[in-house]
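Every read-out reported here was derived from the displayed coordinates using simple, explicitly stated rules and does not represent laboratory data. None of these values were measured; they are calculated from a predicted model. Cβ atoms come from the backbone with ideal geometry, glycine included; neighbour counts cover every protein chain shown.
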Amino acid sequence: MNKEKSFLRNVIGEYMTTLGEKNENVVIVNADLAGTCRNTSFVEKYPDRAFNVGIAEQNMVSFAAGLSVEGFIPYAFSMAPFLTMRALEQCRTDVAYGNRNVKLMGVYAGVTGGISGATHWAVEDCGIMTSVPGMSVFEVSDAILARKLMDYTLEKEGPTYIRIGVEPTENIYNEDISVCTGGSVLAKDGEDGMILCSGVVVQYALEAAKRLRENYGKQIGVVDMYSIKPIDETAIEKAAATGHILVAQDHVEHGGLGMQVANVLVKKGLQTRFSYVGLPDRFVPMAHAPYLYHEFHLDGEGLAAEMLKLWE
């Protein structure tokens, strides 16, 4: 793993210019947040393909749906809580119900927004968006994975939601990885247990696996479940075969990745020791993200401790 770090909203926002070069039908729609979502390079290069609807997320999503009807490939950027809550009806009815080829790009996923506080965090968005019929949901953890996923969205048809954190993440992967709907990446193999995770938490899961190997001799694997919906059921089956699964995500426990994994385990009748680490079922006071990750056992130290509990 490369210890250099990347800001994924920068990576994705700036990579939109590359997508614009690859396909002239790519357009950006934003709700007066081009700077926050790092879209300014696209706006400057392709001003006729960039639309700012003002602080009006509902209009933004409806407008993007209309563009898709006309053959464009719209990427609608906003802060994740505004996109998935304020504009939920439009995401559901204008985009998903009509099976529109709209890419909904949610920045400030989880508590990565730190001291912006609960109003600007999206800790419920996976629960919300996975419940929308026909909506694919992804979460990126690494710069290369982010670019690969963005390239993939040019080919993928249909409603898509991508959650994007703003905390820096370690560069994990090489260029040889590939992405697809319903896929995952085995970031580290292991025979004693698996941590299934997504987004910013993947780097902490790899740290936890290292701690567990060095201090306890346990070989713990890490699976990057970048496709939240549909989810990689085969990866979950393989993880269950180790006898110990810990799921971790920067999201409230209800409706998040943990419930998606648990649903597969129950549906397939798979037996394993299982636990889920997420944010608590209450509004959390604002604090910097690393502090919150430590507080709620989502950092390397906390995940290692939670994994060890599965052997108690």
Revision key, fill the gap. So the angle from the long Cα axis of helix 201-216 to the longest Cα principal axis of the chain, reported in degrees to the nearest 10, equals 10
Check your understanding: If you find the alpha carbon centre of the stretch 195-260 and of the stretch 87-139, how far apart are they in angstrom?
Key -> 22
Check your understanding: Which label marks the calculated value of volume of the Cα convex hull per residue in Å³, given the options (i) 185; (ii) 118; (iii) 165?
Key -> (ii)
Review point. What is the packing order of peptides 135-143, 269-277, taking the mean over residues of other C-beta atoms within 10 Å and listing the highest first?
Key: 135-143, 269-277
Review point. Tell me, what is the FRET efficiency for Thr40 and Val266 to the nearest 0.05, using R0 = 41 angstrom and their Cβ-Cβ distance as r?
Key: 0.35
Review point. Picking from Gly110, Gly302, Gly35, which is most flexible by a Gaussian network model of the chain using Cα springs under 10 Å?
Key: Gly35
**Study point:** Exposure proxy ranking, count of Cβ atoms within 10 Å, fewest first, for Ile195, Ile172, Ile177
**Key:** Ile177, Ile172, Ile195
Exercise for review: First check a/c for the stretch 21-63, with a ≥ b ≥ c the square roots of the eigenvalues of its C-alpha gyration tensor; if it is under 1.5, answer rounded, and if not, answer prolate when a/b is larger than b/c or oblate otherwise.
Suggested key: oblate
Revision key, fill the gap. If N is the residue count of the stretch 2-171, its Cα Rg over 2.2 N^0.38 Å rounds to 0.93
Revision key, fill the gap. Row for the stretch 139-201, column shape: gyration tensor on C-alpha, a ≥ b ≥ c, rounded if a/c < 1.5 i.e. under 1.5, prolate if a/b over b/c, else oblate; value prolate
Practice item. Taking the Cα atoms of the stretch 83-177, report the difference between the largest and smallest coordinate on each principal axis, in whole Å and largest first. Key: 37, 36, 15
Practice item. Please work out how much length the chain gains when fully extended from Ala241 to Glu21, using 0.36 nm per residue of separation minus the C-alpha to C-alpha distance, in nm with one decimal. Key: 74.8 nm
**Study point:** Length released on extending from Asn10 to Glu214, taking residue separation times 0.36 nm less the Cα-Cα span
**Key:** 70.0 nm
Exercise for review: Name the residues whose placed amide hydrogens come within less than 5 Å of the amide hydrogen of Asn101, ignoring near sequence neighbours (fewer than 5 apart) on the same chain.
Suggested key: Gly158
Point to revise | Alpha carbon Rg of the stretch 177-312, scaled by the compact-globule rule 2.2 N^0.38 Å | key: 0.98
Point to revise | Footprinting exposure proxy for Met16, Met259 (fewest neighbouring C-beta atoms within 10 Å first) | key: Met259, Met16
Review point. Using a Gaussian network for the chain with springs between C-alpha atoms less than 10 Å apart, which of these wobbles most: Phe63, Phe296, Phe283?
Key: Phe283
Revision key, fill the gap. Highest GNM mean-square fluctuation among Ile55, Ile162, Ile12, for the chain with Cα springs under 10 Å, belongs to Ile55
